[in-house]
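Q: Structure in structure tokens, see below.
The values are calculated or read from the model by the stated rules, or taken from the named source; none is laboratory data. What you are looking at is a predicted structure, and each value in this text was computed from that prediction instead of being measured. As a convention, Cβ positions derive from the backbone with ideal geometry for all residues, glycine included, and neighbour counts pool all protein chains shown.
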Amino acid sequence: MKDRDEGLVSIVIPCYNAAQYIEDCLNGLLSQTYKNIEVILVNDASIDNTQAIVEQWIENSNPPFPTILCNLPVNSGFAGALTIGYFMSSGEYIAVNDADDISHPLRLEKQVDFLLKNPDYDLVGTNYRVFNDGQEKDSGKLADWLGYGEAIRKIYANGKHCVSHGTILFRGKVFDLLGGPTRRIHGAEDYEFIVKFLNANLKIENLKEVLYYYRNHDQQRSKTFYGGGGGKSE
């Protein structure tokens, strides 16, 4: 099994034509109170100027954490880009952040603290607000479809979904054992990834605090599959 850096959070950001929003996403990571992080951006053959904007942000911001930009030569899709990022990760923990969303400054601190205090859990998501593009993120609508505690396993057993993929943080050793999201089910990769944890009898929780801001806009992936509000990428 891969040797992982104790305490390090590897934040994986799959990017496809994310030029309009990626700076907001990265600035949200600059403000994290948990400082032991690395950021891995997987640019999934974007046809806009995502690459140039990320490179300019790195130069201008001089982030205090390692920032890796992986530019794929061909589009590998949501699951492929995530899995490449997971393979590149070095952290004891892996977090996801969608390229058009923003993490609350306390997000990683709260999630790592939960896993430290609950060693029998392997993945933790959070509550979030949905804000329309151009709207103040704190004024967005509170998510109302998440599950908590023992209800999570029951909800997935009934074929429903109750963890927002963009909010998850999980132990890197689980990826090393189970692998990444499937490429067989286009549009339900995030659902299948959570089910993979549950089928391995691993414990999952959502934090009730709002620690993530989900941007609602016309180009997001979830408009195609879910009508907005659950998870997105290409």
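Q: Identify, from the list 133, 176, the residue that is over 25 Å from residue 25 (Cα atoms), surrounded by fewer than 20 Cβ atoms within 10 Å (Cβ to Cβ) and touching a residue at least 24 places away in the same chain (Cβ under 8 Å). So that I can check it myself, show each step before the final result.
A: On the way: 133 fails: over 25 Å from residue 25 (Cα atoms).
Exactly one of 133, 176 is over 25 Å from residue 25 (Cα atoms), surrounded by fewer than 20 Cβ atoms within 10 Å (Cβ to Cβ) and touching a residue at least 24 places away in the same chain (Cβ under 8 Å), namely 176.
Q: Of the conditions (1) in a helix (DSSP H, G or I); (2) within 16 Å of residue 211 (Cα to Cα); (3) β-branched (Val, Ile, Thr), residue 84 satisfies every one except a single condition; which number is it?
A: It is condition (2) that residue 84 fails.
Q: Kindly list, by first and then second residue, each pair from a residue in segment 147-161 that is free of Cβ contacts under 8 Å to residues at least 40 places away in the same chain to a residue that is crowded, with 19+ Cβ neighbours inside 10 Å and not in a helix (DSSP H, G or I), limited to pairs with Cβ atoms under 6 Å and residues at least 6 apart or on different chains.
A: So the pair list comes out as 155/147; 155/162.
Q: A further question on this structure: Do the conditions hold for residue 53, that is, is it assigned to a strand (DSSP E or B) and not acidic (Asp, Glu)? Spell out the reasoning first.
A: Working: assigned to a strand (DSSP E or B): no; not acidic (Asp, Glu): yes.
So residue 53 fails the test.
Q: Please find, within segment 107-130, the residue that is nearest to residue 28 (Cα to Cα) out of those that are part of a strand (DSSP E or B) and among the aromatic types (Phe, Trp, Tyr). Don't jump to the end; show me each part of the working.
A: Restricting attention to segment 107-130, the residues satisfying the condition of being part of a strand (DSSP E or B) are 121-130.
Narrowing the set further to residues that are among the aromatic types (Phe, Trp, Tyr) leaves 121, 128.
Numbers: 121: 26, 128: 14 Å.
Top of the filtered list is 128.
Q: Being polar (S, T, N, Q) and either at pLDDT below 95 or under 18 Å from the mean Cα position of the chain (by Cα) (or both) is true for just one of 97, 49. Which residue is that? Working first, answer last.
A: Details: 49 fails: either at pLDDT below 95 or under 18 Å from the mean Cα position of the chain (by Cα) (or both).
Unique residue meeting the criteria: 97.
Q: Condition first: touching a residue at least 60 places away in the same chain (Cβ under 8 Å), buried (at least 17 other Cβ atoms within 10 Å of the Cβ) and over 17 Å from residue 172 (Cβ atoms). Can you find one or more residues in segment 34-55 that meet it?
A: From segment 34-55, those touching a residue at least 60 places away in the same chain (Cβ under 8 Å) are 34, 37, 44; that's our starting set.
Next, only the ones that are buried (at least 17 other Cβ atoms within 10 Å of the Cβ) stay: 34, 37, 44.
Add one more test, that the residue is over 17 Å from residue 172 (Cβ atoms), and what stays is 44.
Within segment 34-55 (the criterion being touching a residue at least 60 places away in the same chain (Cβ under 8 Å), buried (at least 17 other Cβ atoms within 10 Å of the Cβ) and over 17 Å from residue 172 (Cβ atoms)), the answer is yes, since at least one residue qualifies.
Q: Go through (1) surrounded by 21 or more Cβ atoms within 10 Å (Cβ to Cβ); (2) among the hydrophobic types (A, V, I, L, M, F, W, C); (3) assigned to a loop (DSSP other than H, G, I, E, B) for residue 65 and report which single condition fails.
A: All conditions pass for residue 65, except number (1).
Q: Further, regarding this structure: For segment 139-234, which fully contained helices (runs of 4 or more DSSP H) count at least 1 residues that are at pLDDT below 95 and not small (Gly, Ala, Ser)?
A: Numbers: elements: 151-157, 172-178, 189-199, 222-225.
Helices (runs of 4 or more DSSP H) meeting the threshold: 189-199, 222-225.
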